[in-house]
1. For the range 184-215, which residues satisfy the criterion of being among the aromatic types (Phe, Trp, Tyr) and within 31 Å of the chain's Cα centre (by Cα)?
2. Starting from the range 181-193, keep only residues that are in the same structural domain as Thr129 (by TED's automatic domain parsing), then list their pairs with residues that are of a type in the set (Ser, Thr, Tyr) and in a loop (DSSP other than H, G, I, E, B) whose Cβ atoms are within a distance under 7 Å, requiring at least 6 positions of separation or different chains.
3. Taking the range 113-128, which residues are closer than 26 Å to Met251 by Cβ and either loosely packed, with under 14 Cβ neighbours inside 10 Å or without any contact (Cβ under 8 Å) to a residue 24 or more places away in the chain (or both)?
4. Within the range 178-206, which residues are among the β-branched types (Val, Ile, Thr), outside any loop (DSSP other than H, G, I, E, B) and buried (at least 16 other Cβ atoms within 10 Å of the Cβ)?
5. Quick check on my filter: what residues within the range 144-156 are closer than 16 Å to Lys181 by Cβ and either touching a helix residue (DSSP H, G or I) at 6+ places or on another chain (Cβ under 7 Å) or not aromatic (Phe, Trp, Tyr) (or both)?
6. Mind counting the residues in the range 129-148 that are within 27 Å of Gly81 (Cα to Cα), free of Cβ contacts under 8 Å to residues at least 60 places away in the same chain and buried (at least 19 other Cβ atoms within 10 Å of the Cβ)?
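The values are calculated or read from the model by the stated rules, or taken from the named source; none is laboratory data. In this text the structure is predicted, and so the values were computed from the model without any measurement. Using ideal geometry, Cβ is built from the backbone for each residue, glycine included, and neighbour counts are taken over all protein chains shown.
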Amino acid sequence: MKKIAIVLLVLLFNSTFIKAGEIVVEGNFMGKNIFVTNPYASSNNVGFCVTEVFVNGKLTTDEIQQSSFEIDLISLQLVVGQKVTIKIKHRDGCTPKIVNPEDLKPRATFEIVAGSMKVTKDGLFLWSTKNETGKLDFVVEQYRWNKWVTVGKVEGRGTAGPNTYNVKYEPFSGENRIRVKQVDVTGSKVSAPYKYRSMSPVVTFTQGKDQNITFSADTKWEVYDMFGNIAKRGNGTEIDVSDLKKGTYQMNFDNKSGDKFTKK
């Protein structure tokens, strides 16, 4: 009996001073609850792993004494986009797992305010948004050379708005198309393109006796070999071809693509 009593006393002592651990995750409330798998702490013979769950510092009333449970964020009347910190306290020797942490990641929910997209005389592209629910970068893209090319990036405010943004913009001659997008864990959301006609003169090029390419005005440019590999890219009025191998190349510049020149 004494041996049994000693063993029980040791077990009681050990269970009282079990070293606890915790998992902390942060994100934004996106209208969904969080699910947790909760293993049985069999090594300590004290029940399930999780002991307490806190949301934004407040102890929840969720039923956690089961192999999996739900952290009911919806019932807390949080606002979509609101910051959320979840703290899960657990016993030593076992680790619970959050099944859907991606549901705390911000989503691209922005809408463009009608009529807000424009290009100023100072060379800025402006736009305003509403209904943002999390901080995500806005990527500004220009349709150039038969593809969408990134020309700027700015951090979104992640609030209901309206929020106004701008990036420096370099138009090419003729019709330009510009759009903004955000990328989240589910993919990307893209605005309808804004069409803008630049009155800049069409850029032309000549190849000099030194074989360098000279443009009639500053322009972005790219040079490809005949296998489609990028050889050079830059911005300015001239391309130094001295370091290119002999052969035929294609160029993208201004609003043109596919013009050819030969390095002899």
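1. Listed by number, the residues that qualify are Tyr194, Tyr196.
2. Hits for this filter: Lys181/Ser191.
3. Gly123, the sole residue that qualifies.
4. Once the filter is applied, which keeps residues that are among the β-branched types (Val, Ile, Thr), outside any loop (DSSP other than H, G, I, E, B) and buried (at least 16 other Cβ atoms within 10 Å of the Cβ), the range 178-206 yields Ile178, Val180.
5. Arg144, Lys147, Val149, Thr150, Val151, Gly152, Lys153, Val154, Glu155, Gly156
6. Number of matching residues: 7.
To keep it simple, each residue is scored yes or no on (1) acidic (Asp, Glu); (2) in the same structural domain as Val241 (by TED's automatic domain parsing); (3) without any contact (Cβ under 8 Å) to a residue 40 or more places away in the chain; (4) closer than 30 Å to Val241 by Cα.
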{"site": "Val154", "(1), (2), (3), (4)": "no, no, yes, no"}
{"site": "Arg157", "(1), (2), (3), (4)": "no, no, yes, no"}
{"site": "Ala160", "(1), (2), (3), (4)": "no, no, no, no"}
{"site": "Thr164", "(1), (2), (3), (4)": "no, no, no, no"}
{"site": "Tyr169", "(1), (2), (3), (4)": "no, no, no, yes"}
{"site": "Ile213", "(1), (2), (3), (4)": "no, yes, no, yes"}
{"site": "Lys220", "(1), (2), (3), (4)": "no, yes, no, yes"}
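The rows are residues; the columns are (1) in the same structural domain as Asn38 (by TED's automatic domain parsing); (2) surrounded by fewer than 19 Cβ atoms within 10 Å (Cβ to Cβ); (3) outside any loop (DSSP other than H, G, I, E, B).
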| site | (1), (2), (3) |
| --- | --- |
| Ile64 | yes, no, no |
| Val79 | yes, yes, no |
| His90 | yes, no, yes |
| Cys94 | yes, yes, no |
